[in-house]
Amino acid sequence: KHSLAKMSSSIRRLLPIFDGIPHYMKQRINRLWKKWKEGAHEVITKYPETMTQRKKLNVLVFIGFLANEQKLNFAKKSDHGGPLGELLQWSDLLATLSIIGHHLEVSTDKESLKSIVWKYMGRGPCQYVNGSRQQLDIIFTDIMGLNILRQRHRQFLMNNRCRIRLLDSFGTHAEFTTKSYFLQNKRKLSGPDSQRNPWGGHGLDLRQHWTFYPHSDDNTFLGFVVDTEGVGENIQKTSTPSALIYGKQKYMWMDAEKPIKLLKKLVKVHATVADLEFIPKNSSSLFDDVQNHGFLNSEEISELLDKTTIFFGLGFPLEGPAPLEAMAHGTVFINAKFEEPKSRKNYKFLSEKPTLREWTSQNPYMEKIGEPHVITVDINNEEELEKAIRRAIELKVFLFSVFQPNILEFQPKPYVPLEFSPAGMLLRVAVLLEKQELCDKISISKRWPPVNEMKIFKTKKSDDSCEMTCHSQNMLCEPSYFPVMNSSPLLTREFSCSELSTDSSPFAPFNCTVQQSASLFSCASRPSPSSGVVRLCPCRDYIPEQHAICKMCL
Ligand code: UDP
């Protein structure tokens, strides 16, 4: 039925779609192409079988948030400090899909979406036109795109629901995916700012939500690539340590007057605030003695990071790509710690996000990396912050190469976790698209990840999630295993039950209770400490620095 996907690192395959995407995306794809080619070579050399024995898929990429451009202006704002994370991820996804050899249909507006939908609608499964298969296998879109599909192409969406892959930066938890469960429990699931769920309620399988960082085991990790073009080309040994403040819009600085003041005392401070001309000069001394470069393009950012000692987080934006880029340039990232974790229950920005995840810092992924690359500190604790800044200055060392004394090197060494490199992303997306099956019910022996990779653990404390339980074993919670594990004989054995009951609860299966609603299976949910619940958790290992794939799962 399918032909094989052929790896191709010719950028020409993407040229036809370049007309329809924002300038920023074209530029990023072009700029990183050399790195993509190297990554493609690396991954095919290392995993020849995995990379060549794959079905060629018809993939629709519908970038919903650009389809509302007239209202939202995201493409236009991308050169002035608007959100770039999404555009960056879409660029990397397009590059990946093209290189791993799938057939692409790309749309960023409602009109072209319509013609693609018509092309694939109404023809029975698997018709051939001019030798190519006329059935979609996968549809990448985002929540805005899903809403457009729902409003304008209902039948098409119904036929293709299981093929949807939703780009969902912060991820979605089980409690928010079905409307009815959320509505019945919204008080418990919300804080004072909002009891709404505008981004959830789609009823998709949680694995159809593909995230920006590998932060929610219930979802699938898509990720992006860290721009390492030009790293190290502009290093200079300077006697004055410097910091670049992470915050490209003025409002991100407003609650950080004190830490910024301290930072200024100890190092030379740079900024890339895009909207600074709009503040009256005398309104604040916040920006005094700050060298603001305004919005920089990628080359300029790279150049500046090469000369920077500290990349300084102010607590917002949460989980953007910039700290990884800074680490790739060998700067020390000061990561703002949240003494009281932030979540939808206590933080306005998160109050309508469909997740109960708790942020312990501005970037929890970086927090785990730690020194010498990252120092996580409460930036409002003056004493601790001063120690952290001094430590960062100490960690950053320039030295002449032992082997080539005329070459200047620096520490910390530039570092990019494998999963954020081109090779890592190519492998991950290729494997996920080939193996993750969400349309057909498949027999246990054919499941992916393979069921014999499943390790079952019980939660130790009543308020532990399965994520916490698996992580404490250096594993991840694997949602694909829940239906396999939710079996009466297994529960009876594990808990010595004389009788079993059923429940529709995000905690099930637990004690002698079988899960009744497949949509509520949850790695992340935490029962209350006094509940007496002991959950059964399905865990799996993962390739180091490649969370999405288990070791024996290629
Ligand atoms: N960036 C840029 N010019 C600037 C400041 C930032 O091109 O003056 C880039 C940065 O290199 C990163 C992207 O903006 O690739 C997104 O950064 P951020 O982490 O702020 O995430 P966002 O909130 O935009 O998703």
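The values are calculated or read from the model by the stated rules, or taken from the named source; none is laboratory data. Source: prediction; values computed, not measured. Don't worry about glycine lacking a Cβ; one is built from the backbone with ideal geometry, like all the others, and counts go over all protein chains shown. Quick note on the areas: whole protein, heavy atoms, side chains included, nothing else; ligands and nucleic acids left out. Shrake-Rupley method; radii C 1.70, N 1.55, O 1.52, S 1.80 Å.
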Output the strands (runs of 3 or more DSSP E) that fall wholly within segment 472-554 and possess 3 or more residues being surrounded by 22 or more Cβ atoms within 10 Å (Cβ to Cβ), or say none. 536-540
So how many residues does segment 7-54 have that are of a type in the set (Ser, Thr, Tyr), open to solvent by 40 Å² or more (accessible area, probe 1.4 Å), assigned to a helix (DSSP H, G or I) and in contact (Cβ under 8 Å) with a residue 40 or more places away in the chain? 1
Condition broken by Phe295, with the remaining ones in (1) modelled with pLDDT of 95 or more; (2) within 16 Å of the ligand (Cβ to nearest atom); (3) open to solvent by 40 Å² or more (accessible area, probe 1.4 Å) satisfied: (1)
Expected single match for within 17 Å of Glu303 (Cβ to Cβ), open to solvent by 20 Å² or more (accessible area, probe 1.4 Å) and away from the ligand (no atom under 15 Å from the Cβ) among Lys264, Lys237 is Lys237
Among the candidates Pro259, Pro317, which residue alone is within 16 Å of the ligand (Cβ to nearest atom), in contact (Cβ under 8 Å) with a residue 60 or more places away in the chain and closer than 30 Å to Pro192 by Cβ? Pro317
State whether one or more residues within segment 217-225 are touching a strand residue (DSSP E or B) at 6+ places or on another chain (Cβ under 6 Å), within 16 Å of the ligand (Cβ to nearest atom) and assigned to a strand (DSSP E or B). no
Positions within segment 84-102 being open to solvent by less than 10 Å² (accessible area, probe 1.4 Å) and within 10 Å of the ligand (Cβ to nearest atom), in sequence order: Leu87, Leu88, Gln89
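Listed here are the residues, each with its yes/no results for (1) among the hydroxyl-bearing types (Ser, Thr, Tyr); (2) modelled with pLDDT under 95; (3) closer than 26 Å to Ser525 by Cβ.
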| position | (1), (2), (3) |
| --- | --- |
| Glu383 | no, no, no |
| Pro405 | no, yes, no |
| Met425 | no, no, no |
| Val429 | no, no, no |
| Leu433 | no, no, no |
| Lys460 | no, no, yes |
| Asp463 | no, no, yes |
Going through segment 204-234 one residue at a time, which ones are open to solvent by 40 Å² or more (accessible area, probe 1.4 Å) and under 23 Å from Gly145 (Cβ atoms)? Asp205, Arg207
Out of segment 163-198, which residues are more than 18 Å from the chain's Cα centre (by Cα) and small (Gly, Ala, Ser)? Ser180, Ser190, Gly191, Ser194
Among the residues of segment 242-255, write down those that are modelled with pLDDT under 95 and either loosely packed, with under 12 Cβ neighbours inside 10 Å or more than 14 Å from the ligand (Cβ to nearest atom) (or both). Tyr251, Met254, Asp255
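Here is a yes/no grid of residues against (1) of a type in the set (Asp, Glu); (2) over 30 Å from Leu433 (Cβ atoms); (3) over 28 Å from the mean Cα position of the chain (by Cα):
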position	(1), (2), (3)
Ser445	no, no, yes
Val451	no, no, no
Asn474	no, no, no
Cys523	no, no, no
Arg526	no, yes, no
Cys537	no, no, no
Do you know which residues across segment 66-83 are surrounded by fewer than 17 Cβ atoms within 10 Å (Cβ to Cβ) and more than 16 Å from the ligand (Cβ to nearest atom)? Asn68, Glu69, Gln70, Lys71
Could you tell me which residue of segment 320-339 is nearest to the ligand (Cβ to nearest atom), considering only residues that are open to solvent by 20 Å² or more (accessible area, probe 1.4 Å) and in a helix (DSSP H, G or I)? Ala322
Which residues, taken from segment 184-203, are open to solvent by less than 20 Å² (accessible area, probe 1.4 Å) and under 19 Å from Ser505 (Cβ atoms)? Leu189, Ser190, Gly200, Gly201
Please count how many residues of segment 380-422 are closer than 19 Å to Glu325 by Cα and either out of contact with any Asp or Glu (no Cβ under 8 Å at 6 or more places or on another chain) or open to solvent by less than 10 Å² (accessible area, probe 1.4 Å) (or both). 16
Would you confirm, using the coordinates I've provided, whether Gln134 is open to solvent by 20 Å² or more (accessible area, probe 1.4 Å) and modelled with pLDDT under 95? no
